[in-house]
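Q: Below you will find the structure I want to go over with you.
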Amino acid sequence: MLLIHRSPRAANAVRTVSPGGELFVASVVICMILASFGDAVDPALFGEAGLEFALFDLGGEFSVLAMRHWHLLQLLLAGGILAAGIAVLRVGAPAAFKVLRPAPCRAIDKVPI
Amino acid sequence: MELEFFSAAFLSALFAIVLIDLVLAGDNALIIGLVARNLPKGQQRKVIFWGTFGAIAVRAAMAILVVYILNVPGFMLAGGIALVWIARKLLTPDPDAAAQHAAQAPAVSFAAALRTIVVADAIMGVDNVLAIGGAASGSIVLIVLGLAISVPIIVWGSHLVITLVDRYPSVILLGGAVLAWTGYSMVVREPLLAPWFEGHAATRLVIAILVFSISLAPWYSARLSARMKPLIVLLPALLIWMLAFDVAASHWKLQVDYLLAAESGEYLLEGLRWLGWLPLAAAFLWLHEQIMARSRRSARA
């Protein structure tokens, strides 16, 4: 710990970290918490609760339950995919919303309706 | 417990050990360099050799010790809590760190230099060995591998490590997260608590969030505005409050689940559990505001 604190950039890693690196580590931490949620929930409860309850929660708890007892490498991979997804959304979403925004009334390419 | 070679569990533990070695090993190289610097030229090479030898010997002895210590009931929990503190310390910004370390007390003789190196290694290697012991999940092969990886870092790798973390500070954040994850898994693997966790599986999630909220606090606090800073204390305190009720309920056989409550006392207890923290949080926020206002006034004065 002393060694890495010799570097001013490393000693202030929370401030000097790149946005991409921070997004990746944050995604890994989210996956770790989700995995611990998977560990905390007993899958037998879902069987007792009935099929209709299970169907409602298909997209939520079931995806987290699949993360039960995940190892670090799996969490890192999932974190990387999550970070890549968020990064794509961050770039792609504004572009998608830009298309939906109406052009100004006096714009040259405005189609008169 | 021995893990199967090249299984996902084995490779994951090995990766965690490499990352822990990257962020925690290497202090010895720094100390050896600092101590040797103050000696005459003729003795420097000898001190570096014997200092490195001593550092490796002390680390090996501690690694063997930690395998046995972690099997003693209670030590897994203590080790997990220590790892949370180490992760927090790793992520806490330290602008004066370089200046402090440069001011190490100079050693004047060969014996004094060697003693300084060995004592410093024994103190500073504890975190590394403990983290490796926790990540290895009791596997002797992984502990030996962890030791084998940390030795080259002690001897030659300090420059490489410092270049890596300087270029990619996110390695330190990832190291902090892995330390917190290792700390959490050590706490939930504690033999004394295992029967309790069997009956209270949901508390694992509370403990995971508690561990991450304490150990990663320096990171997320750097992103919070001044008004939101009290969250750093409030979030872990609220989780501890909820956890304390669960512990009390199982210890004194109290009923804290409102669905199963039957008497007015049990309803009161349930109300205290869910609402009792509100006045305490309000008092903390008021006190925090007063202290902030006073420091602003004194800064203006």
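No value in this document is a laboratory result; all are computed from the given coordinates. Keep in mind it's a predicted model, so treat the numbers as computed, not measured. Every residue, glycine among them, receives a Cβ derived from its backbone with ideal geometry; neighbour counts consider all protein chains shown.
Q: Taking R0 as 30 Å, what FRET efficiency do you get between B:S250 and B:I291 from their Cβ-Cβ distance, rounded to the nearest 0.05? Numbers along the way, then the final one.
A: Working: r = 37 Å, r/R0 = 1.23.
It comes out at approximately 0.20.
Q: Let me ask you something else. Say we join alpha carbon atoms closer than 10 Å with springs in a Gaussian network model of chain B; which of B:V84, B:V129, B:V67 then has the biggest fluctuation?
A: Result: B:V67 has the largest fluctuation of those listed.
Q: Then there's this: How far apart, in nm, are two points set 7 Å out from the Cα along the Cα-to-Cβ line at B:F110 and at A:A93?
A: The two pseudo-label positions are separated by 6.6 nm.
Q: Relative to 2.2 N^0.38 Å, what does the C-alpha radius of gyration of the protein assembly as shown come to as a ratio? Two decimals please. If you can, show how the numbers build up before the last one.
A: Numbers: Rg = 25.6 Å, N = 414, 2.2 N^0.38 = 21.7 Å.
So the Cα radius of gyration is 1.18 times the expected 2.2 N^0.38 Å.
Q: Once R0 is set to 35 Å, what does the formula 1/(1 + (r/R0)^6) return for the Cβ-Cβ distance between B:A60 and B:I240, expressed as a FRET efficiency to the nearest 0.05? It would help to have the intermediate numbers written out before the result.
A: Details: r = 38 Å, r/R0 = 1.08.
Calculated value: 0.40.
Q: Let me ask something else about it. May I ask for the net charge around B:A113, where only other residues with Cβ less than 13 Å from the Cβ of B:A113 are counted and Lys, Arg are +1 while Asp, Glu are -1? Intermediate values should be presented prior to the final figure.
A: Details: positive: B:R37, B:R45, B:K46, B:R115; negative: B:D121.
Value of the local net charge: +3.
Q: Over all distinct Cα pairs, what is the inverse of the mean 1/r for the stretch B:8-185, reported as the Kirkwood hydrodynamic radius in Å?
A: Values: mean 1/r = 0.0599 Å⁻¹.
Roughly 16.7 Å, rounded to one decimal.
Q: Here is a further query. When chain B is treated as a GNM, springs tying every alpha-carbon pair under 10 Å, which of B:I214, B:I69, B:I162 comes out with the largest mean-square fluctuation?
A: B:I162
Q: A further question on this structure: How much of the calculated P(r) for the stretch B:224-300 lies past 15 Å, in percent of all Cα pairs?
A: 65
Q: Expressed as an acute angle from 0 to 90° and rounded to the nearest 10, what is the orientation of the C-alpha long axis of helix B:41-69 relative to the principal long axis of chain B?
A: 40
Q: Taking the 0 to 90 degree range and rounding to the nearest ten, how far is the long axis of helix B:140-152 tilted relative to the main principal axis of chain B, both from C-alpha atoms?
A: Result, in degrees: 50.
Q: Take B:W85 and B:E4, extend 7 Å from each Cα along the Cα→Cβ direction, and tell me the distance between the two endpoints in nm.
A: 3.9
Q: Per q in 0.15 1/Å, what log10 I(q)/I(0) does a Debye calculation on the alpha-carbon atoms of the stretch B:102-255 return?
A: The computed values of log10 I(q)/I(0) come out as -1.04.
Q: Relative to the longest principal axis of chain B, what angle (0 to 90°, nearest 10) does the C-alpha long axis of helix B:277-300 take?
A: For helix B:277-300, the angle is close to 50 degrees.
Q: Let me ask you something else. Provide, for q = 0.10, 0.11, 0.16 Å⁻¹, the log10 of I(q)/I(0) from a solvent-free Debye sum over equal Cα point scatterers in chain B.
A: Rounded to two decimals, the profile gives -0.71, -0.82, -1.27.
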